[in-house]
Every structure is written in C-alpha cells, then in structure tokens.
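Data first, discussion second: the structure below is written as structure tokens.
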Amino acid sequence: MNLSNMKPVKGSTHSTKRIGRGEGSGHGGTATRGTKGAQSRAGYSRKVGFEGGQMPIQRRLPKFGFNNPTRIEYKPINLSTIDALCTKSNIDKVDIETLRDAGLLAKSDLVKILGNGELTRKIDVTANAFSKTAIAKIEAKDGKATII
C-alpha cells in the first residue's frame, strides 16, 4: 500500500448534491428551496435576529439601565497591597509606574488608593485618586499622598 492507491473507506464519502440541474437529477424545479417566499428567491439573506416574523427578542425585551458616557473608572488598590510591595521591594515612593512594573495595573488604568490595611512605614504615594481614609493613614505615618 502506498499513497498512489489509497482511497477512502466505502461509505465514508458522499457525492455533492447537484441542485437545479433539471428534473432528471431529482433536484430540479424548485432546487430544494420549496415553493414561493423570500427564501426561495435568489439574493435572499436573513436579517440577524429574524425569527420568522415573530417579534424578535431584542424588541420584546424592554430597554434597561444606563451607560454613563462620562464615567471615570479607577482600578482600586489598597494600602495593604502598597505596604507589601514596599516591604518586598524596599522602596519608599510609589507611583503609577511602580505599580505597573509590579503587574498591578494595565497600561491605561487609572488608580485609586483605598484605605484598607495598615502602613508599617513612611511611604510617599502618587496616584489619580485617594479615599479619605487612605490619605489619613498615609499622613499619619508622615507620608505624602499626591494626586496627579
């Protein structure tokens, strides 16, 4: 046996259905499309979401909610995370670049520092936004909270 005499197993392949090639083929006349209606015509394409004339689901369901186009979304980072980062890396200044390098932020993320956790050292933090408790805890350790 070699590549020149190999063939598919009997019954595993089928000849293609030749549609619209006369009555003798068994698929002439309406060419398996049925009689009348849009689907039997050339050039017909069904619209996305079409349900056969029934009211489509995107029109049956009510509109819901509101997307605020001016919303500013911040990535929250807690003081406990910053303290762990500073202890591990032995640094006392944290900014957005430091957080990106640590893998805590994506390239375009805005940062809000939240006050969950405690600081064990003086840290100067630069971010886009701070919670009141975060500012209070940073300043209690003589650190600086700088808003960009």
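Nothing in this text is a laboratory measurement; each read-out follows from the coordinates by a stated rule. Predicted model, so just to flag it, every value in this text is computed and none were measured. Cβ atoms come from the backbone with ideal geometry, glycine included; neighbour counts cover every protein chain shown.
Only Lys, Arg, Asp and Glu count, each charged at its Cβ (+1, +1, -1, -1), so figure out the dipole size of the chain about its Cα centre, rounded to 20 debye.
Here the chain has a charge dipole of around 1420 debye.
Within region 100-119, list the residues whose amide N lies under 17 Å from a label point set 7 Å along Cα→Cβ of ASN78.
Hits in region 100-119 for ASN78 at 17 Å: 104-105, 112-119.
In vacuum, with every alpha carbon of the chain counted as one equal point scatterer, what does the Debye formula give for log10 I(q)/I(0) at q = 0.09, 0.19, 0.20 Å⁻¹? Two decimals, please.
-0.61, -1.08, -1.14
Provide the per-residue ³J(HN,Hα) series for region 84-96, in order, calculated from phi with Karplus coefficients 6.51, -1.76, 1.60 and θ = phi - 60°, each as a whole number of Hz, with x at glycine and proline positions.
Per-residue couplings from phi come out as 5, 5, 5, 5, 5, 8, 6, 10, 10, 10, 10, 10, 5 Hz.
List the aspartates and glutamates whose Cα sits under 18 Å from the Cα of LYS122, skipping any in the same chain fewer than 8 residues away.
Within reach: ASP83, ASP92, ASP95, GLU139, ASP142.
What length, rounded to one decimal in nm, is gained on full extension from HIS14 through to TYR44, with 0.36 nm per residue of separation minus their alpha-carbon distance?
8.0 nm
How many percent of DSSP beta bridges within the chain run antiparallel, rounded to 5?
For the chain, the DSSP antiparallel bridge percentage is about 10.
Can you give the calculated 222 nm mean residue ellipticity of the chain, where each DSSP H run of n ≥ 4 adds -39,500 (n - 2.57) and the sum is split over every residue, rounded to the nearest 500 deg cm²/dmol?
-5500 deg cm²/dmol
What is the gain in length, in nm to one decimal, between GLU23 and ARG71 on full extension, counting 0.36 nm per residue of separation less the C-alpha to C-alpha distance?
10.8 nm
Can you give me the Cα centroid spacing of region 39-69 and region 89-148 in angstrom?
Region 39-69 and region 89-148 have Cα centres separated by 48 Å.
Using the Cα centre of region 74-147 as the reference point, and only Cβ charges (+1 on K/R, -1 on D/E), how large is the resulting charge dipole? Debye, rounded to the nearest 20.
120
Which pairs in the list LYS75/LYS132; LYS112/LYS141; LYS63/LYS112 are over 26 Å apart, alpha-carbon to alpha-carbon?
LYS63/LYS112
What's the local net charge at ILE148, with K and R +1, D and E -1, over the other residues with C-beta under 15 Å away?
Summing Lys/Arg as +1 and Asp/Glu as -1 gives +1.
Putting +1 on Lys and Arg Cβ atoms and -1 on Asp and Glu Cβ atoms, find which of LEU79, ILE123, ALA31 reaches farthest to the positive end of the dipole of the chain.
So the residue furthest toward the plus end is ALA31.
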